[in-house]
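Computed from the coordinates by the stated procedures, all read-outs in this text should not be read as laboratory data. Since we're looking at a predicted model, the values are computed, not measured. Cβ placement follows ideal geometry from the backbone for every residue including glycine, while neighbour counts extend to all protein chains displayed.
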Amino acid sequence: MFARSAIATRSAAPALNVIGQTRNMATLKEIQNRLKSITNISKITASMKMIASTKVTRAQRAMKIARIYGNVSSDFIEQAEVKKADGAKELVVVVSSDKGLCSGIHSSLSRHTRKYLADYPEAPVAIIGDKAKSQIQRLFAQNMTYSFNQIGSTIPAFDETSAIASVIISDKSIEFDNIKLVYNKFASAIAFETTEIECFPASQIVEAPGFKSYEVQEEILENLNEFLFANNLHWALVEGHAAEMAAKRTAMENATKNAGDIIQRLTLQYNRGRQTVITNELIEIITGASAL
Amino acid sequence: MTFAWRTAGINYLQYSNIAARALRRVVKTDLQAEIAKRQGITIKFAKWDNGKSSASVNIPAIETRAKVEN
């Protein structure tokens, strides 16, 4: 049920084929063009890596703060011993983002969600971010209730989170009791783990054995519960953002490294080719001269 | 105990955001710059029905707020 951890390092193997194809037939001009384009690509990936690394540090700082808030709310749920009621319907909220080029971040989320939906084919789904949306809608368009986009280019603000949370909780047409947040947990600078956060409805919190010791009035509980959901969602968004930026940095670092390898091979091939051309020309001249 | 704002149809999140915005408006000028970075919501959403999505629209509560403030 729980996530397989995905390591965000993956090398770009297909690049080798390119060289294989051109080994025999490529003219010098072709190699030169390819060299130029790969050099440009590596410049782009190198600068994307720089951008991602500055964003990672900021995102990690924000994540530390959001984690504290998140831990407070999960501690409450733990201390009150809130249990999921039998047969409770869950709404799955997938916390992804709009931007790609960050290795398996989004596909790991959608794989996790698809696995859940295989067990519970009726579960409604709300998706934050275009990437996971396009992956999930292909198979589970019927389950979709909401999709959000244009988020995740910067560190999500609580204002934005509560706007999303308000849309979800104020819609009475979707039937659900619990909310399951699927997000990427930031494990380290090179690894993330797709995890879930459970959010409970007020009715299940009231029934929890440890809840009585808190002496909370029912009206306030509803407020608290709305806040807990937004708090968890914010935590998921901020941590997911940090994981995405870290994955993007590793992905771009690998891309730059691979581009460097290809450039090296192509330069070698280009120089060899040029030498062969020169040698051939020399042979032609010499044979031509000796024939006279 | 019923909260007046809940009878008016807003939830706790919206209520606390209104309170937070009121607070943000009165902070000292040297902190305003830091706050300004976090403002401006661009999120759009689309409601899905029976496997089809409607066009993406701005979140209504945010739109009303923007209208009131400008």
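Tabulated values for the structure
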{"read-out": "Dipole moment magnitude, nearest 20 debye, the stretch A:107-194 about Cα centre, only Lys, Arg, Asp, Glu C-beta charged", "value": "380 debye"}
{"read-out": "Reciprocal mean inverse distance between Cα atoms of the stretch A:84-190 - Kirkwood radius, Å", "value": "14.4 Å"}
{"read-out": "Cα-based equivalent ellipsoid of chain B: semi-axis lengths in Å, sorted from largest, via gyration tensor", "value": "28, 20, 9"}
{"read-out": "Degrees separating the helix A:130-140 axis from the principal Cα axis of chain A, which is the longest one", "value": "70 degrees"}
{"read-out": "Sum of -39500 (n - 2.57) over DSSP H runs of 4+, divided by residues of chain B (222 nm, nearest 500)", "value": "-15000 deg cm²/dmol"}
{"read-out": "Hull-based mean projected area of the stretch A:96-153, where the convex hull spans the alpha carbons, in square nanometres", "value": "3.6 nm²"}
{"read-out": "Set of lysines with alpha-carbon distance to B:Lys28 below 28 Å, sequence-local pairs under 8 removed", "value": "A:Lys55, A:Lys64, B:Lys37, B:Lys67"}
{"read-out": "Distance histogram for the stretch A:50-90 (every C-alpha pair counted, 10 angstrom bins, percent rounded to whole numbers)", "value": "24, 27, 25, 18, 6"}
{"read-out": "The stretch A:227-292 - Rg (one decimal) and Dmax (whole number), Cα, Å", "value": "28.2, 96"}
{"read-out": "Most mobile listed residue (A:Ser96, A:Ser170, A:Ser107) in chain A, GNM with C-alpha springs under 10 Å", "value": "A:Ser170"}
{"read-out": "Per DSSP, loop trypsin sites (Lys or Arg not before Pro) in chain B with at most 12 further Cβ within 10 Å", "value": "B:Lys28"}
{"read-out": "Tilt relative to chain A, helix A:218-291 - C-alpha long axis, 0 to 90 degrees, to 10", "value": "10 degrees"}
{"read-out": "Residue with peak Gaussian network fluctuation, chain A [Cα springs, cutoff 10 Å], from A:Glu30, A:Glu81, A:Glu122", "value": "A:Glu30"}
{"read-out": "Length added when fully stretched, A:Asn71-A:Ser213, from 0.36 nm per residue minus Cα-Cα", "value": "49.2 nm"}
{"read-out": "C-alpha long axis of helix B:12-25 to longest principal axis of chain B, angle in °", "value": "40 degrees"}
{"read-out": "Per residue, the convex hull volume that the Cα atoms of the protein assembly as shown enclose (Å³)", "value": "194 Å³"}
{"read-out": "Stokes-Einstein D in µm²/s, Kirkwood radius over Cα pairs - the stretch A:64-134 at 20 °C with 1.002 mPa s viscosity", "value": "149 µm²/s"}
{"read-out": "Cβ-derived FRET efficiency at R0 41 Å, A:Ile286 paired with A:Asn33, nearest 0.05", "value": "0.80"}
{"read-out": "GNM result for chain A, Cα springs below 10 Å: residue of A:Asn178, A:Asn71, A:Asn254 fluctuating most strongly", "value": "A:Asn71"}
{"read-out": "Footprinting exposure proxy for A:Trp235, B:Trp5 (fewest neighbouring C-beta atoms within 10 Å first)", "value": "B:Trp5, A:Trp235"}
{"read-out": "Pairs beyond 18 Å (Cα-Cα), from A:Lys83/A:Lys212; A:Lys133/B:Lys44; A:Lys49/A:Lys99; A:Lys185/B:Lys47; A:Lys133/B:Lys47", "value": "A:Lys185/B:Lys47"}
{"read-out": "Sum of side-chain charges, A:Asp159 neighbourhood, beta-carbon under 11 Å (Lys, Arg +1; Asp, Glu -1)", "value": "+3"}
{"read-out": "Test item: A:213-223 mean partner chain Cβ contacts at 10 Å", "value": "2"}
